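These notes are about the structure you will find just below.
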Amino acid sequence: MDISELREKPAGRQPIDTRAIPDSRLEEVMDAVGRALAAGKLVYWICPLVEESEAEGTDHLVNATKRFESLKKRFGGQVGLVHGQMKGTEKDRVMAAFASHEIGLLVATTVVEVGVDVPAATIMVIENAERFGLAHLVQRLAARAMCLACGKAACPVTASLVPTYTPSSSARPATRRSVS
């Protein structure tokens, strides 16, 4: 079996500043998003579910619809929602509004990892980050959604991972780590 190994970043590519932030500090994350929006930045907010699920073991998961409603109350018309259950034309309309800065905060499911090119989006918040593998988080979501894989990002990029830890979980968030 052949193995490809990348040992260097593409020329001009900025590192992704990745931070694991406990869900108990979500209010601070929202404050930071508010400052980013005030500065004209574009922000993705990724959730693992579209709506609430009755499946066992999902009661702690944040759904995009509920998060959209709470962020819309806080930030008003700056917030949009996109997920895989929407019709293609509606998804395209919302994504176009995001790309043209009509909205600054896009709440979404992982539907944004396919066919998205919004290089101006330099911040991504991923709730329930433990639901996604590291490769999925960095290579597929952050790199694809922010078009970093091609080295187009001229601005520093921040990915805030907001995992939900249960008291019985042995996993604990890292304080800060840069992912290239």
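A few notes on this one:
- In segment 94-124, residue surrounded by the most Cβ atoms within 10 Å (Cβ to Cβ) [restricted to those that are in a loop (DSSP other than H, G, I, E, B) and hydroxyl-bearing (Ser, Thr, Tyr)]: Thr109
- The set of residues in segment 68-85 that are more than 19 Å from Asp31 (Cβ to Cβ) and touching a helix residue (DSSP H, G or I) at 6+ places or on another chain (Cβ under 8 Å) comprises Gly80, Leu81, Val82, His83, Gly84.
- The criterion of at least 1 residues that are within 18 Å of the chain's Cα centre (by Cα) and either of a type in the set (Ser, Thr, Tyr) or at pLDDT below 85 (or both) is met by the following strands (runs of 3 or more DSSP E) wholly inside segment 1-93: 16-20, 42-46.
The values are calculated or read from the model by the stated rules, or taken from the named source; none is laboratory data. Quick caveat: nothing in here was measured; it's all calculated off a predicted structure. Here the Cβ is made from the backbone with ideal geometry for all residues, glycine too, and neighbour counts use every protein chain on show.
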